[in-house]
2 protein chains.
Amino acid sequence: MTNKENIQIIGAGLCGALLALRLGQRGYNVEVFEKRPDLRRVHINAGRSINLAFSNRGIKAMKLVGIQDKVEPLCIPMYGRMLHDVEGNTILSPYSGREDEYINSISRNALNALLLDEAEALDNVTFHFNHKCTSVDFEKGISQFYKYQDQTEFAKKADVIIGTDGAGSVLRKSYFLAKKFLFSFSQDYLTYGYKELSILPDNNGDYKVYKNALHIWGRDAFMLIALPNLDGSFTVTLFLSYDEGTYNFNNLTTKARVQEFFNTYFKDALELMPNLVDEFFKNPTSPLGTVKCAPWHYKGKTLLMGDAAHAIVPFYGQGMNASFEDVVEFDKVLDAGHNSWEAIFKAFERMRKKDTDAIADLAIDNFHEMKGHVNKAIFREKRNLEMAFEKQFPNEYASKYALVTFNEDMGYCEAMLRGRAQDKAILNMLADKEITLDDDLRETLNKVKAETEHILEEDSIAKKMRH
Amino acid sequence: MTNKENIQIIGAGLCGALLALRLGQRGYNVEVFEKRPDLRRVHINAGRSINLAFSNRGIKAMKLVGIQDKVEPLCIPMYGRMLHDVEGNTILSPYSGREDEYINSISRNALNALLLDEAEALDNVTFHFNHKCTSVDFEKGISQFYKYQDQTEFAKKADVIIGTDGAGSVLRKSYFLAKKFLFSFSQDYLTYGYKELSILPDNNGDYKVYKNALHIWGRDAFMLIALPNLDGSFTVTLFLSYDEGTYNFNNLTTKARVQEFFNTYFKDALELMPNLVDEFFKNPTSPLGTVKCAPWHYKGKTLLMGDAAHAIVPFYGQGMNASFEDVVEFDKVLDAGHNSWEAIFKAFERMRKKDTDAIADLAIDNFHEMKGHVNKAIFREKRNLEMAFEKQFPNEYASKYALVTFNEDMGYCEAMLRGRAQDKAILNMLADKEITLDDDLRETLNKVKAETEHILEEDSIAKKMRH
């Protein structure tokens, strides 16, 4: 095993491009195959591009490959959630009580293009676009490709094949269909779908609503969100049930009904979106799914990474950050001196899977939190208390959201366990009036800490009996 | 919708045969297709048949179809777990403090044969053996079959198709592959496999060890169990990791090594099994998987039931009981006066799925309990306390095991939530010395009850925030 080995990467999306860059920097010969055209040369989303939440774990990865200074200009800071109620009132709920903790809105395409540029600049990294992988013989380490350009097929062998080919991964499908080993797999769909819409800039090219926030119109059974783009527009996403409730994707079939739905529930948003009805019927409705699987690797031959290994729903804004963190963690394992690819893949999966399982579950939790709970009195009390803790005792307290989003040196799994215990402690003590917002804050924090430790301790005894 | 409609059932195993019997009793025209030969005519397992745990939920189903008096003679009561330690010492740990609560060992084939006989005796129920379903067009309600006898294929339409075709269900596979709707699906394998062995009767045809118990040799990392058969033999099952630990299925490749493994860990069992080594290499090693999916039904056309909808690992002895209970619950829904098959299928799934999800999770828990915890001091203290509660206050306390196994009128999900809360309460209070076995039992029970309610209440507040 030397770094002269040939590594094949399937998929040049965010994770594949970053992985190619990092492995290229480490001296491997890297060949990347991508089924789509080169997004730097083809305008795939004519005009506005889709944006994503980018935060500490992602930033850590950019620092690892040394390009955070080039990423920074692409970022629009979002300091909190701007909550829009049904009357059009707004309130800004900060993401943290610490001022330097915020998330960013970033263009998927701009960031992907930057990663491709950086990786392609290395002599030992090559990209092949318009090459669709159709199957992988993971025992032999050979992938089959279809070239759109001349409609030919060919096989390509490599020492190691890494599938970063997203939620619909062909490598993962090959694992599943071959039945050569016990492959645990799950795909879980929410009964909700989503549709992307937009708020265009005003006539001066300025943002029509406050730029530096993630806007949320939470309506319990459904919600609308908006993230800013650099060009003054916002990308808006509607999350709605396919077939339940008075209004759903299956019955929003006429322009009048869509207008009526938005007018009833999102009146202030509708006023910003004269283009709504056209977009609604032009843009697709897409499903929201979680994918988990194990093992990610087959011996020392193949490995799944990013969404191919663990696709999650978008509600924690961690999808891209988790995939980038995969590369950071994989890089650590490469440093650890294992003497075979099999040992590397095994170590990576053992260390990483508990964390990607956790962020998948957290993302589902946050769906419920965003669409409904942010509006509930007890939840607001909890957030107010946590903001106060974070402001007054910045080194002593971090909310679940902060642990997940801003504490890049704590794994998702630990963040989940600790964060959930804190939430449970605060909510129960608020419900039982054991703490209130009027008490001495120092004393309240001590109570919350003690109760959190107590919950973690009791859960751990009960859990040990189950595992 | 009348009961003159034609119902097609795929699979004549335990669930399919019971369902055919019940739907036949209700007057439907039922046609059942089974890929295997008729087990009443072909000796599939030459000699001893594989046995299963049969308990209250299963008995309730037999009573529904009026055949419990014919099932009873097939049953061997097992009053508790007979725990064998590594020195060969044994201790009987009863399943309940109430004398009328026990489980039974029953022959899968004998019970299946009885159900087939009973269903076939009805004029409106027909069985076709050696007919393999190869796919289902669930939109049209047409199944494809392959007849082994004359190697022909044919299509068969029905008003309603119900797949009771087990863990490898073809109907479920058709849902998955067709991608016509969002189908959530998971298959989860343990890293353990199992192998069936046997303890033959002694020279007088008698049982070599105590007949009326489920024998367990729990060794933390692996375990052996044995259930009695009517002929004086026991069916023995080894549960062992495929590739971890000093001894595992992948490295038990020679007769000497198998002998050595059993001699080290199961010396008293080995003495009862002169046939061990031969059987070990003759019998297959099989995987242990959990399958969950949703939706079970496609509109009013097709429905999954039994293992096809929810395959579970065998450690709670509830696989067959859960499938039988499906039929009981389905029968209730048929009584509820819905006016379409779609409404019936929807109501059945809504009411049932939370419970089959719960028993799947409970079965995984019990794997860990059986192989390891039964031997741990704190677990034994808990069991002793629970036995005392059940003996002294039979109407006030039921352990998790009793709730799941003997309380057929409580759903699995409720049994799981309550049972886990009780376990957590007792284990934490024992660990903190808040209760001991020497305290007044009445007072201890009151403490356990109060703490259980407290845990359920706190979990419910925290959970509401997540859902």
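Do the conditions hold for A:GLU87, that is, is it in the same structural domain as A:GLY24 (by TED's automatic domain parsing) and open to solvent by 20 Å² or more (accessible area, probe 1.4 Å)?
Considered against the rule, which asks whether it is in the same structural domain as A:GLY24 (by TED's automatic domain parsing) and open to solvent by 20 Å² or more (accessible area, probe 1.4 Å), A:GLU87 comes out as no.
Is one or more of the residues making up segment A:289-297 open to solvent by less than 10 Å² (accessible area, probe 1.4 Å), touching a strand residue (DSSP E or B) at 6+ places or on another chain (Cβ under 7 Å), closer than 22 Å to B:CYS293 by Cβ and at pLDDT 95 or above?
Yes, that holds for at least one residue.
For segment B:180-201, give me each residue that is part of a loop (DSSP other than H, G, I, E, B) and in contact with a helix residue (DSSP H, G or I) (Cβ under 6 Å, 6 or more places away or on another chain).
Selection gives B:PHE183 alone.
Open to solvent by less than 40 Å² (accessible area, probe 1.4 Å), under 20 Å from the mean Cα position of the chain (by Cα) and either more than 14 Å from chain A (Cβ to nearest Cβ) or not small (Gly, Ala, Ser) (or both) - does that describe any residue in segment B:168-183?
Yes, there is a match, as at least one residue in segment B:168-183 is open to solvent by less than 40 Å² (accessible area, probe 1.4 Å), under 20 Å from the mean Cα position of the chain (by Cα) and either more than 14 Å from chain A (Cβ to nearest Cβ) or not small (Gly, Ala, Ser) (or both).
Which members of segment A:188-239 meet the condition of being over 22 Å from A:ILE91 (Cα atoms), among the small types (Gly, Ala, Ser) and surrounded by fewer than 20 Cβ atoms within 10 Å (Cβ to Cβ)?
If the condition is that a residue be over 22 Å from A:ILE91 (Cα atoms), among the small types (Gly, Ala, Ser) and surrounded by fewer than 20 Cβ atoms within 10 Å (Cβ to Cβ), then A:GLY205 is the only one that fits.
Any idea which of (1) outside the structural domain of A:ILE199 (by TED's automatic domain parsing); (2) assigned to a helix (DSSP H, G or I); (3) not charged (D, E, K, R) is the one A:GLY337 doesn't satisfy?
All conditions pass for A:GLY337, except number (2).
Spot the failing condition for A:LEU177; the list is (1) assigned to a strand (DSSP E or B); (2) without any contact (Cβ under 8 Å) to a residue 40 or more places away in the chain, and only one is missed.
Exception for A:LEU177: condition (1).
Out of the residues in segment B:149-167 that are outside any loop (DSSP other than H, G, I, E, B) and of a type in the set (Gly, Ala, Ser), state the one that is nearest to the other protein chains (Cβ to nearest Cβ).
It comes out as B:GLY163.
Only one of (1) part of a helix (DSSP H, G or I); (2) more than 24 Å from B:VAL313 (Cα to Cα); (3) more than 12 Å from chain A (Cβ to nearest Cβ) is not met by B:ILE378, so which one is it?
If we test B:ILE378 against (1) part of a helix (DSSP H, G or I); (2) more than 24 Å from B:VAL313 (Cα to Cα); (3) more than 12 Å from chain A (Cβ to nearest Cβ), just (3) comes out false.
Given the conditions (1) within 14 Å of another protein chain (Cβ to nearest Cβ); (2) without any contact (Cβ under 8 Å) to a residue 12 or more places away in the chain, and given that B:ALA363 satisfies all but one, which numbered condition is not satisfied?
(2)
Pull up segment A:148-167, narrow it to residues that are modelled with pLDDT of 95 or more and acidic (Asp, Glu), then point me to the one that is surrounded by the fewest Cβ atoms within 10 Å (Cβ to Cβ).
The extreme case among them is A:GLU153.
Out of curiosity, is A:LYS376 surrounded by fewer than 20 Cβ atoms within 10 Å (Cβ to Cβ) and either in contact with a Cys (Cβ under 8 Å, 6 or more places away or on another chain) or closer than 25 Å to A:TYR102 by Cα (or both)?
yes
Can you find, within segment B:381-408, the residue that is farthest from the other protein chains (Cβ to nearest Cβ) among those that are over 23 Å from B:ASP440 (Cβ atoms) and in contact with a strand residue (DSSP E or B) (Cβ under 9 Å, 6 or more places away or on another chain)?
B:PHE406
In this structure, does A:MET320 turn out to be open to solvent by 10 Å² or more (accessible area, probe 1.4 Å), more than 14 Å from every other protein chain (Cβ to nearest Cβ) and part of a helix (DSSP H, G or I)?
Yes: the conditions hold for A:MET320.
Spot the failing condition for B:GLY88; the list is (1) touching a Phe, Trp or Tyr at 6+ places or on another chain (Cβ under 7 Å); (2) part of a loop (DSSP other than H, G, I, E, B), and only one is missed.
(1) is the only condition that B:GLY88 fails.
Tell me which residues, restricted to segment A:428-467, are of a type in the set (A, V, I, L, M, F, W, C) and either more than 13 Å from chain B (Cβ to nearest Cβ) or not in a helix (DSSP H, G or I) (or both).
A:ILE435, A:LEU437, A:LEU441, A:LEU445, A:VAL448, A:ALA450
The values are calculated or read from the model by the stated rules, or taken from the named source; none is laboratory data. Predicted model, so just to flag it, every value in this text is computed and none were measured. Cβ coordinates were reconstructed from backbone atoms using ideal geometry, including for glycine residues, and neighbour counts include every protein chain displayed. What goes into the accessible areas is simple: the full protein's heavy atoms, side chains included, and nothing from ligands, DNA or RNA. Shrake-Rupley method; radii C 1.70, N 1.55, O 1.52, S 1.80 Å.
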